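Working notes for the structure below.
Each value in this text was obtained by applying a stated rule to the coordinates, not by laboratory testing. Predicted model, so just to flag it, every value in this text is computed and none were measured. A quick note on method: Cβ atoms are made from the backbone with ideal geometry, for glycine too, and the neighbour counts reach across all protein chains shown.
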Amino acid sequence: MDFVTRVATMIGGVMVKMRRGSAPKVQAMGDAPDIPEAKKQGVMTLKMPTAKGWDDGHMPQAAPGLQVNAFASGLDHPRWIEVLPNGDVLVAEALQIERPPRGLFDRAMVGTMKRANAMGQSANRISLWRDPDGDGTAEERHDFLTDLNQPFGMALVDGTFYVGNTDGIVAYPYTDGDDRISGEGRKLVDFKPGGHWTRSLIVSPDRSKIYAGVGSQTNIGDQGLAAEEGRASIWELDLATGDAREFATGLRNPVGLAWEPVDGKLWTVVNERDGLGDETPPDYLTSVQDGGFYGWPYSYWGKIVDDRVQQDADLVARAIQPDYALGGHTASLGLCWMPEGTLPGFGDGMVIGQHGSWNRSTLSGYRLIFVPFADGKPSGAPHDILSGFLSPDEQFSYGRPVGVVIGPDGHSLLMADDVGNIIWRVTGA
């Protein structure tokens with residue numbers, strides 16, 4: 001670490017200590033969260049644990065009645081998971097690419113992200129894992145697709161495999177049982193790369209459309225709104241016509257996508273903006289309306305104005321309030337619907353992988369949680385499924401939760417851990 005980076009990091013550390021005493025004691029969570037008044041930080045709080053990984057025999061702590069084991073290990077920054085109909089498990093291995101810093105604070109942030117294993121050289125591949133004997137640990141590994149561009153979301157529809165690269169959606173021919181795709185891909189949709197670079201994908205229940213999450217370039221439109229065109233939104237791709245459009249907008253960084261089966265609505269988890277306080281605003285889980293606008297960058301939690309941004313009163317007036325707050329800066333990324341009966345003691349609800357914070361004085365997230373649902377809506381406080389990813393003194397992260405899916409057997413969860421470089425499997429004890 002060079003001298004300038006050390007100085008910038010020290011300044012960030014001082015900000016952490018100054019703000020810790022005034023930090024809210026209760027997280028802003030639920031359908032009626034207590035969101036503290038915004039406090040402009042100036043120099044933003046910069047705090048991330050050093051990536052450590054798991055020592056032999058050390059693993060996340062499962063909730064009572066559950067157990068956890070490593071389904072696959074030795075990966076290179078696993079981010080997202082897709083389970084194919086034949087039981088093959090695909091894992092997107094990718095990372096935010098290291099870039100030159102843009103100023104003093106950005107230099108500290110880049111250095112901190114590298115230390116936290118959140119930035120570096122991307123593997124740019126999708127690996128395939130098989131568990132032929134069904135014991136819950138994969139025995140086979142194959143390079144399914146390589147030389148991609150920060151792959152993330154994956155989807156399979158009628159013999160075509162779709163990949164969400166950071167710069168767009170690409171389609172490949174696929175035959176059931178393939179352990180490697182060698183055919184050429186077809187680019188279907190272009191997205192602006194970089195910034196919030198992940199591109200999650202989900203297929204509509206009728207298999208006619210694909211939805212993609214595309215995050216913003218910046219925190220609050222810092223490079224101008226022209227740089228944000230086509231971003232901070234969920235896109236819809238019609239597979240029959242090839243037409244693509246923005247389905248919902250004003251979502252700063254919508255990552256995980258899931259269908260709720262009672263009302264048939266699309267849901268997403270969104271990472272909100274930085275620089276206003278430990279719990280302001282909270283990240284959130286929300287249903288998504290066709291044509292809906294959710295506030296970014298002008299407002300948050302519906303119509304609470306962010307006065308750092310030049311305002312658009314008409315857009316703020318129609319900003320939709322999210323359904324459920326997940327706490328400030330939890331970096332909630334992974335999302336899947338988990339029906340009752342999947343894990344013992346858990347009913348219907350959403351499972352969320354919380355990657356963990358950097359912009360707050362006391363760390364948050366670093367958990368795999370469950371939000372119960374009833375009648376198509378969240379219906380109570382979240383419960384931990386896995387915890388123990390963070391050292392008690394907040395100095396080290398053993399792992400960081402990202403993507404989560406229902407396992408091939410229908411009675412387990414698979415979760416990507418991009419610091420531990422492991423796919424964890426959760427089942428009943």
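Does segment 188-288 come out rounded, prolate or oblate by the C-alpha gyration tensor, with a ≥ b ≥ c the root eigenvalues, rounded set by a/c under 1.5 and, if not, prolate when a/b is larger than b/c and oblate if not? Each step should come with its number before you reach the end.
Details: a/c = 2.81, a/b = 1.35, b/c = 2.09.
Because a/c hits 1.5 or more and a/b fails to exceed b/c, segment 188-288 counts as oblate.
For segment 40-92, what value does the Rg/Rh ratio take when both radii are computed over Cα atoms and Rh is the Kirkwood radius, given to two decimals? Don't skip to the end; give the middle numbers.
Working: Rg = 17.0 Å, Rh = 15.2 Å.
Answer for segment 40-92: 1.12.
Based on the Cβ-Cβ distance of residue 32 and residue 175, what FRET efficiency does E = 1/(1 + (r/R0)^6) give at R0 = 51 Å, to the nearest 0.05?
Details: r = 50 Å, r/R0 = 0.98.
Computed FRET efficiency for residue 32 and residue 175 comes out at 0.55.
With the contact rule set at Cα under 8 Å and sequence spacing of 6 or more, what percent relative contact order holds for the chain?
Across the chain, relative contact order equals 19 percent.
Determine the dipole magnitude for the chain: charges of +1 sit on the beta-carbon of Lys and Arg, -1 on that of Asp and Glu, nothing else is charged, the reference point is the Cα centre, and the result goes in debye to the nearest 20. Kindly include the intermediate steps, with their values, before the conclusion.
Working: 38 positive and 56 negative charges, 357 e Å.
The calculated dipole for the chain is roughly 1720 debye.
Could you calculate the FRET efficiency of residue 137 with residue 182 from 1/(1 + (r/R0)^6), where r is the beta carbon distance between them and R0 is 30 Å, rounded to 0.05? Kindly include the intermediate steps, with their values, before the conclusion.
Values: r = 28 Å, r/R0 = 0.93.
Computed FRET efficiency for residue 137 and residue 182: 0.60.
Sorted from largest down, what three extents in whole angstroms do the Cα atoms of segment 108-215 have along their principal axes?
Taking max minus min along each principal axis of the Cα atoms, segment 108-215 gives 46, 35, 27 Å.
Restricting the count to DSSP beta bridges whose residues both fall in the chain, what percent are antiparallel, rounded to a multiple of 5? Walk me through the numbers before you get to the answer.
Values: 97 of 102 bridges.
For the chain, the DSSP antiparallel bridge percentage is about 95.
When the expected Rg is taken as 2.2 N^0.38 Å, what fraction or multiple of it is the alpha-carbon Rg of the chain?
0.92
Given the pairs 52/265; 25/192; 39/265; 25/47, which span a C-alpha to C-alpha distance of over 28 angstrom in this model?
52/265; 25/192; 39/265
Round to the nearest 0.05 the FRET efficiency obtained for residue 394 and residue 321 when R0 = 30 Å and r is the Cβ-Cβ distance.
My answer for the efficiency is 0.40.
For a quick check: sort 329, 411 by the number of other beta carbons within 10 angstrom, fewest at the front.
Fewest-to-most Cβ neighbours within 10 Å comes out as 411, 329.
Give me the dipole magnitude in Debye, nearest 20, for segment 28-88 about the Cα centre, with unit charges on the beta carbon: positive for Lys and Arg, negative for Asp and Glu. Could the numbers behind the result be given before it?
Numbers: 5 positive and 8 negative charges, 76 e Å.
Here the size comes out at about 360 debye.
Show me, bin by bin at 10 Å from 0, the whole-percent P(r) of segment 32-173 based on Cα pairs.
Reading the bins upward from 0: 9, 28, 30, 23, 9, 1.
Fewest to most neighbouring Cβ within 10 Å: what's the order for 236, 246?
Ranked by crowding around the Cβ, least crowded first: 246, 236.
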